[in-house]
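Colleague: There's a structure below that I have some questions on.
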């Protein structure tokens, strides 16, 4: 098993910096997810670790060994790609065994490893088939199996579920998480899907424009995002944001978003008492906005008048798209809510769960 360290890593293509001073330490047996929008550099970071791209500056270590100049085949890693990358003319067995044959592994050992991996992934009955005879989910299992038989120190996954349909993605998420628990090996997983990141990771590294924005547990990223980007990227639907000013009067802190005003609870107002007149961005998640008829008891609520613009009835919840002055935002409310398009209503903001960001730096104010 192995830890992985990115130490002051840069990657440039010509004059364009794709990775900018990346510093991450991945613990042994950890499941780390690199997440961010398309083009942010997360796949490049994975390819640097795999040796498929050269580092422009900095060091990458597997355990305490610097691998900058180590050939990919000697890094003791295995990678699962988005495209599966299976040989169409080979059977499932031969696809899984191919890398071991290149390393001249004894036939008995190859057979044992392939059969063990096939049993783990429930594809033993598919070993004689060709890739064209498999579904997308089965092909992905074969690609994972090919990585398992290598028995590497580190598994790398590059958006492995993006070609699957929604139902199969949910199933494969669970299977990869169980595989991590079973193998007790270091997993580094790249995705643009924050739901995958939240449900699978021990920790998440959020990357944007080549810069690491925040590295923490899924719950910490959700509860205490460092900046506006992380707050908007983690959570679905995304956090609502409102341009606003803070007003401090007699120790009472009010958020003025023009079309509405809400008071910050006294117990939480400490960081904002010296910010009178400060321009900020007020953030609140859709799940912390309630239909008053079904608001949870004992919350510190502030009422905001709105008009319902669109409704989405999801069965287990209802999404209300709301308008307040120039502000449009989303509330995730109880499915029993009777509010419909065109209704005027008041919603309740749970003021135990708000976020404040500096309007100029976009950093969280705490």
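Colleague: Just to be sure before I move on: is residue 129 assigned to a loop (DSSP other than H, G, I, E, B) and within 22 Å of residue 53 (Cα to Cα) in the structure I sent? Step through it out loud before you land on a result.
Modeller: Working: assigned to a loop (DSSP other than H, G, I, E, B): yes; within 22 Å of residue 53 (Cα to Cα): no.
Spelling it out, it is not the case that residue 129 is assigned to a loop (DSSP other than H, G, I, E, B) and within 22 Å of residue 53 (Cα to Cα).
Colleague: Oh, and also: Condition check: more than 17 Å from residue 218 (Cβ to Cβ), touching a strand residue (DSSP E or B) at 6+ places or on another chain (Cβ under 9 Å), part of a helix (DSSP H, G or I) and in contact (Cβ under 8 Å) with a residue 24 or more places away in the chain. Does residue 156 satisfy that?
Modeller: Numbers: more than 17 Å from residue 218 (Cβ to Cβ): yes; touching a strand residue (DSSP E or B) at 6+ places or on another chain (Cβ under 9 Å): yes; part of a helix (DSSP H, G or I): no; in contact (Cβ under 8 Å) with a residue 24 or more places away in the chain: yes.
Judged against the criteria, residue 156 is not a match.
Colleague: A follow-up question, please. Looking for whichever is assigned by TED's automatic domain parsing to the domain that holds residue 97, part of a helix (DSSP H, G or I), at pLDDT below 90 and surrounded by 16 or more Cβ atoms within 10 Å (Cβ to Cβ) here; the options are 150, 169. Which one fits?
Modeller: Values: 150 fails: part of a helix (DSSP H, G or I).
After applying the criteria, what remains is 169.
Colleague: Restricting to the stretch 153-166, and then to whatever is surrounded by 15 or more Cβ atoms within 10 Å (Cβ to Cβ) and over 19 Å from residue 100 (Cβ atoms), can you tell me which residue is nearest to the chain's Cα centre (by Cα)? Give the derivation first.
Modeller: Initially, the stretch 153-166 is screened for residues surrounded by 15 or more Cβ atoms within 10 Å (Cβ to Cβ), giving 153-161, 163-164.
Keeping just the survivors that are over 19 Å from residue 100 (Cβ atoms) gives 157-161, 163-164.
Details: 157: 13, 158: 13, 159: 11, 160: 14, 161: 13, 163: 17, 164: 17 Å.
Selected residue: 159.
Colleague: Output yes when any residue across the stretch 206-216 is closer than 17 Å to residue 35 by Cα, within 12 Å of the chain's Cα centre (by Cα) and in a helix (DSSP H, G or I), and no when none is.
Modeller: no
Colleague: Determine whether residue 221 is assigned to a strand (DSSP E or B) and closer than 26 Å to residue 38 by Cα. Break it down stepwise before answering.
Modeller: Working: assigned to a strand (DSSP E or B): no; closer than 26 Å to residue 38 by Cα: yes.
Spelling it out, it is not the case that residue 221 is assigned to a strand (DSSP E or B) and closer than 26 Å to residue 38 by Cα.
Colleague: Follow-up question, since we're still on this one. Answer yes if at least one residue in the stretch 89-107 is loosely packed, with under 14 Cβ neighbours inside 10 Å, assigned to a loop (DSSP other than H, G, I, E, B) and in contact (Cβ under 8 Å) with a residue 12 or more places away in the chain, and no otherwise. Step through it out loud before you land on a result.
Modeller: Pass one, the stretch 89-107, residues loosely packed, with under 14 Cβ neighbours inside 10 Å: 89, 101-104, 106-107.
Within this subset, residues satisfying the condition of being assigned to a loop (DSSP other than H, G, I, E, B) are 89, 103-104, 106.
Next, from what is left, pick out any that are in contact (Cβ under 8 Å) with a residue 12 or more places away in the chain: 89.
Yes, the stretch 89-107 has at least one match.
Colleague: With the requirement that a residue be at pLDDT below 90 and touching a helix residue (DSSP H, G or I) at 6+ places or on another chain (Cβ under 7 Å), what does the stretch 121-135 give you?
Modeller: 121
Colleague: Does residue 280 count as more than 19 Å from residue 228 (Cα to Cα), buried (at least 17 other Cβ atoms within 10 Å of the Cβ), modelled with pLDDT of 95 or more and in contact with a strand residue (DSSP E or B) (Cβ under 8 Å, 6 or more places away or on another chain)? Full working, then the answer.
Modeller: On the way: more than 19 Å from residue 228 (Cα to Cα): no; buried (at least 17 other Cβ atoms within 10 Å of the Cβ): yes; modelled with pLDDT of 95 or more: yes; in contact with a strand residue (DSSP E or B) (Cβ under 8 Å, 6 or more places away or on another chain): yes.
For residue 280, the condition - more than 19 Å from residue 228 (Cα to Cα), buried (at least 17 other Cβ atoms within 10 Å of the Cβ), modelled with pLDDT of 95 or more and in contact with a strand residue (DSSP E or B) (Cβ under 8 Å, 6 or more places away or on another chain) - is not met.
Colleague: Also, I was wondering about something else. All but one of (1) touching a residue at least 24 places away in the same chain (Cβ under 8 Å); (2) in a strand (DSSP E or B) hold for residue 25, so report the exception by its number.
Modeller: (1)
Colleague: Something else now. Considering the stretch 137-153 alone, what residues qualify as being within 15 Å of residue 87 (Cα to Cα) and in contact with a helix residue (DSSP H, G or I) (Cβ under 7 Å, 6 or more places away or on another chain)? Even if it seems obvious, please write down each step before you answer.
Modeller: To start, the set of residues in the stretch 137-153 that are within 15 Å of residue 87 (Cα to Cα) comprises 138-147.
If the condition is that a residue be within 15 Å of residue 87 (Cα to Cα) and in contact with a helix residue (DSSP H, G or I) (Cβ under 7 Å, 6 or more places away or on another chain), then 138, 139, 140, 141, 142, 144, 145, 146 are the ones that fit.
Colleague: Just checking, does the stretch 115-129 include any residue being closer than 29 Å to residue 217 by Cβ and surrounded by fewer than 15 Cβ atoms within 10 Å (Cβ to Cβ)?
Modeller: Residues of the stretch 115-129 closer than 29 Å to residue 217 by Cβ: 120-121.
Filter again for surrounded by fewer than 15 Cβ atoms within 10 Å (Cβ to Cβ), leaving none.
No, that holds for no residue.
Colleague: Mind listing whichever residues of the stretch 312-324 are surrounded by 13 or more Cβ atoms within 10 Å (Cβ to Cβ) and either outside the structural domain of residue 280 (by TED's automatic domain parsing) or more than 13 Å from residue 240 (Cβ to Cβ) (or both)? Break it down stepwise before answering.
Modeller: Residues of the stretch 312-324 that are surrounded by 13 or more Cβ atoms within 10 Å (Cβ to Cβ), as a first pass: 317-324.
Result: 317, 318.
Colleague: When the stretch 327-344 is examined, which residues are found to be in contact with a strand residue (DSSP E or B) (Cβ under 9 Å, 6 or more places away or on another chain) and surrounded by fewer than 18 Cβ atoms within 10 Å (Cβ to Cβ)? Give the derivation first.
Modeller: Step one: of the stretch 327-344, the residues in contact with a strand residue (DSSP E or B) (Cβ under 9 Å, 6 or more places away or on another chain) are 327-337, 339-344.
Across the stretch 327-344, the qualifying residues are 328, 334, 335, 336, 340, 341, 342, 343, 344.
The values are calculated or read from the model by the stated rules, or taken from the named source; none is laboratory data. Here the structure is a predicted model, which is why all the values come from computation and not from measurement. All Cβ positions, even for glycine, are placed from backbone atoms using ideal geometry, and neighbour counts span all protein chains on display.
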